[in-house]
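Q: I am attaching a structure below and will ask some questions about it afterwards.
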Amino acid sequence: MPPNAESAAFRSALEVIRAVEPRVADAIGAELVDQRESLKLIASENYASPATLLAMGNWFSDKYAEGTVGRRFYAGCQNVDTVEALAAEHARELFGASHAYVQPHSGIDANLVAFWAILADRVESPALKRAQARHVNDLTEQDWFALRRELGDQRMLGMSLDAGGHLTHGFRPNISGKMFDQRSYGTDPATGLVDYDRVAEAAREFRPLVLVAGYSAYPRKVNFRIMREIADSVGATFMVDMAHFAGLVAGKVFTGDFDPVPHAHIVTTTTHKSLRGPRGGMVLCGPELADQVDRGCPMVLGGPLPHVMAAKAVALAEARRPDFAAYAQRIVDNAQALADGLLRRGATLVTGGTDNHLVLIDVTGYGLTGRQAEQALLDSGIVTNRNAVPQDANGAWYTSGIRIGTPALTTRGLGTAEMDGTAELIHTVLSQTSAGANPDGTASKAKYVLDPALADKVSRQAGELLAGFPLYPNVDLG
Ligand code: DSN
């Protein structure tokens, strides 16, 4: 590949876009500048490779391809078949799964595909069979009522939101909360860890159809062998949503009891977090659920996105290279260095540390809410997000926590020494910020006081920390 191939590719693309709508070309350029300049610690974000990004910007976007490989509702899908089959093959090989469905557009979509597959497999429902035999647009109102009546309130047991579970695991703001009668398991109040005896007890009492494991804000490993035993003891289907830690599974950092694939009946994921692929989702399962999973489009998904499936094939091929395992290990080493640096400086961390890619700081120790801390850090060039902590007294909007993750900075090449520097910057901002007051003198959960000169200084220091680790080093837009 010529040394300037990546610059040439992106420059040409922007030139073509600029000729039609220059403001879009400018925004794309500005986004690269923003991403290069910020210390990105959002645990669910990453930087996909130029090859992955370029695989999305082409005429595959123009093609309809409802159905699955070799069995489409549209003619002329031979090239879509090629990339979908390649992405699925890489996924099966990478994760050791017997079946991979690479069409979901997002994590929510992947979970919906899994939920419908489980319902179809486990619940005797003539209305569901009728619904599956027809295109979803042809279902009448009576069909939908019958579906609701026959599926009833099937039960789902998943991790509670404030313990780090995800909205799509049966919580009301998501359709899964309307499809399932949900109950959740929390974590041990003393340790912050999953208490498997309590999960088993909840399963025995509630008898769920589906037991869900997986999280978006739990900083530890989950023992999937034990969770499968609990599911089996009550006849539940065991589903794992590994969206956050898929890269750690792919990179063989999570193995044995901590690799969900050999233990779960069905595994869902996104492809853009620690896995470092394009924005999208994926489902892995055994042969028992494969037929139902493959009905995902048109049952719950719109037409597949062939350009994104092409990018998934590229990213999954990258994740099969030996250097991806080293990358995955560095993500965890960096998270642990960040946690150690924060602890040494006096921060309070949920569970006291991390085993994975994320750290959850309880910012009440700094006298702040999550919202105040998030904004103060943002003023200082550090991008994080506020997050609830277990039994959060500030609720889901203001919260008491800040979630930070290392996949993106690890992609840029930052290592454990820079994580200590990052911990210093975070601690400096949080310890120098104080809670603000409302005009009537009462305490505000949103307002905060931070000296702008300090915020500027930390911003400059964050820039210096990043300077040795250029993002997309082979992309020069001129
Ligand atoms: N929104 C993702 C996250 O930030 O964890 C999960 O859906």
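Q: Can you tell which of Cys285, Ala246, Pro262 lies farthest toward the positive end of the dipole of segment 175-305, using +1 and -1 charges on the Cβ of basic and acidic side chains (Lys, Arg; Asp, Glu)?
A: Farthest towards the positive end: Ala246.
Q: So, one more: Could you give each residue of segment 205-212 its phi-based ³J(HN,Hα) in whole Hz, using Karplus coefficients 6.51, -1.76, 1.60 with θ = phi - 60°, and x for Gly or Pro?
A: Calculated HN-Hα couplings, in order: 6, 8, 6, x, 6, 10, 9, 10 Hz.
Q: Further question on the same structure: Taking 8 Å as the Cα distance limit and 6 or more residues as the minimum spacing, I'd like the relative contact order of segment 174-246 as a percentage. Mind showing how you got there, number by number?
A: Working: 65 pairs, mean separation 22.4, N = 73.
Dividing the mean separation by the residue count of segment 174-246 yields 31 percent.
Q: A further question on this structure: Rounded, prolate or oblate: which fits segment 169-220, taking a ≥ b ≥ c as square roots of the Cα gyration tensor eigenvalues, rounded meaning a/c under 1.5, else prolate when a/b beats b/c?
A: Numbers: a/c = 2.49, a/b = 1.33, b/c = 1.87.
Since a/c reaches 1.5 but b/c is at least a/b, the shape of segment 169-220 is classed as oblate.
Q: What value does the chain have for Rg/Rh, both radii from Cα atoms and Rh as Kirkwood defines it? Could you put the intermediate results ahead of the total?
A: Details: Rg = 23.1 Å, Rh = 23.6 Å.
Taking Rg over the Kirkwood Rh, I get 0.98.
Q: Can you give me the solvent accessible area of Phe60 with a 1.4 Å probe, rounded to the nearest 10 Å²?
A: 40 Å²
Q: When only C-alpha pairs under 8 Å and at least 6 residues apart count, what is the relative contact order of the chain, in percent? Kindly include the intermediate steps, with their values, before the conclusion.
A: Values: 948 pairs, mean separation 101.5, N = 478.
Relative contact order comes out at 21 percent.
Q: Take the Cα pairs of segment 421-477, get the Kirkwood Rh, then feed it into Stokes-Einstein at 20 °C and 1.002 mPa s and tell me D in µm²/s. Mind dumping the intermediate values first?
A: Numbers: Rh = 13.7 Å.
The Stokes-Einstein estimate is 156 µm²/s.
Q: Where the centre of each part is set by its Cα atoms, how far does segment 1-67 sit from segment 142-192, in angstrom?
A: Their Cα centres are 36 Å away from one another.
Q: Using protein chains only and a probe of 1.4 angstrom, how many square angstrom of Tyr398 are accessible, to the nearest 10?
A: 80 Å²
Q: Kindly write out, for segment 376-393 in residue order, the coupling ³J(HN,Hα) from the Karplus curve 6.51 cos²θ - 1.76 cosθ + 1.60 (θ = phi - 60°), rounded to whole Hz, with x marking Gly and Pro.
A: These are the phi-based 3J(HN,Hα) values: 5, 5, 5, 4, 9, x, 10, 9, 9, 9, 6, 8, 5, 10, x, 6, 5, 6 Hz.
Q: Normalised by the empirical 2.2 N^0.38 Å for globular proteins, what value does the Cα Rg of segment 1-111 take?
A: That works out to 1.33 for segment 1-111.
Q: What is the percent of Cα-Cα separations in segment 261-328 that go past 20 Å? Don't jump to the answer; show the numbers that get you there.
A: Numbers: 886 of 2278 pairs.
The share of Cα pairs beyond 20 Å in segment 261-328 comes to 39 percent.
Q: Per 5 Å bin, what percent of the C-alpha pairs of segment 391-450 does each bin hold, from zero upward?
A: Once binned at 5 Å, the Cα pair distances of segment 391-450 give 4, 13, 17, 18, 17, 13, 10, 4, 2, 1.
Q: Also: For Gly401, enumerate residues with amide H under 5 Å from its amide H, sequence gap 5+ or separate chain, H modeled in the peptide plane.
A: Val363, Gly370, Asn387, Val389
Q: Right, next: Given a cut-off of under 8 Å on Cα pairs at least six residues apart, what relative contact order in percent is computed for segment 287-422? Working shown, then result.
A: Details: 168 pairs, mean separation 30.7, N = 136.
RCO, segment 287-422: 23 percent.
Q: Quick one: Karplus J couplings for segment 178-184, per residue in order, coefficients 6.51, -1.76, 1.60, θ = phi - 60°, nearest Hz, x for Gly and Pro?
A: 9, 7, 10, 7, 9, 10, 10
Q: Given the pairs Lys252/Lys273; Lys221/Lys252; Lys178/Lys221; Lys63/Lys312; Lys40/Lys273, which span a C-alpha to C-alpha distance of over 20 angstrom in this model?
A: Numbers: Lys252/Lys273 16 Å; Lys221/Lys252 13 Å; Lys178/Lys221 29 Å; Lys63/Lys312 17 Å; Lys40/Lys273 13 Å.
Those over the limit are Lys178/Lys221.
Q: What is the Cα coordinate range of segment 100-161 on the first, second and third principal axes, sorted by size from largest, in whole angstrom?
A: Dimensions of segment 100-161 along the principal axes of its Cα atoms: 33, 26, 19 Å.
Q: Summing Lys, Arg as +1 and Asp, Glu as -1, what charge do residues with Cβ under 14 Å from the Cβ of Leu284 carry, Leu284 excluded?
A: Details: positive: Arg92, Lys312; negative: Glu89, Glu93, Asp241, Asp259, Glu288, Asp294.
Summing Lys/Arg as +1 and Asp/Glu as -1 gives -4.
Q: Could you compute how fast segment 135-260 diffuses translationally, taking Rh as the Kirkwood radius over C-alpha pairs and applying Stokes-Einstein at 10 °C with viscosity 1.306 mPa s? Give it in µm² per second. Walk me through the numbers before you get to the answer.
A: Details: Rh = 15.6 Å.
D, rounded to a whole number, is 102 µm²/s.
Q: Now for a separate question. Normalised by the empirical 2.2 N^0.38 Å for globular proteins, what value does the Cα Rg of segment 336-478 take?
A: Values: Rg = 15.6 Å, N = 143, 2.2 N^0.38 = 14.5 Å.
Compared with the compact-globule rule of thumb, segment 336-478 sits at 1.08.
Q: I need the P(r) histogram for segment 215-371: all alpha carbon pairs, bin width 5 Å from 0 out to the longest distance, whole percents.
A: Once binned at 5 Å, the Cα pair distances of segment 215-371 give 2, 8, 14, 17, 18, 15, 12, 8, 4, 2, 0.
Q: Calculate how large, on average over all directions, the projected area of the Cα convex hull of segment 64-103 is; give the answer in nm² to one decimal. Write down the numbers at each step before the final one.
A: Working: hull surface 10.4 nm².
Average projection, Cα convex hull of segment 64-103: 2.6 nm².
Q: Based on the mean of other beta carbon atoms within 10 Å per residue, what is the order of 420-430, 286-296, 439-449, most packed first? Each step should come with its number before you reach the end.
A: Working: 420-430: 20.9, 286-296: 18.1, 439-449: 11.8.
Highest to lowest by the protection proxy: 420-430, 286-296, 439-449.
Q: Still on this structure: Rank these residues by their accessible area, most exposed first, probe 1.4 Å: Trp144, Trp397, Trp116, Trp59.
A: Details: Trp144 105, Trp397 145, Trp116 40, Trp59 205 Å².
I get Trp59, Trp397, Trp144, Trp116, largest accessible area first.
Q: Explain nothing, just the number: dipole magnitude of the chain about its Cα centre with +1 on each Lys and Arg Cβ and -1 on each Asp and Glu Cβ, in debye rounded to the nearest 20. Intermediate values should be presented prior to the final figure.
A: Working: 45 positive and 54 negative charges, 64 e Å.
For the chain, the charge dipole is close to 300 debye.
The values are calculated or read from the model by the stated rules, or taken from the named source; none is laboratory data. Just so it is clear, the model here is predicted, and its values are computed rather than measured. Ideal geometry is used to build each Cβ from the backbone, glycine not excepted, and the neighbour counts take in all protein chains shown. Remember, those area values only see protein heavy atoms, side chains included, never the ligands or the DNA or RNA. Shrake-Rupley method; radii C 1.70, N 1.55, O 1.52, S 1.80 Å.
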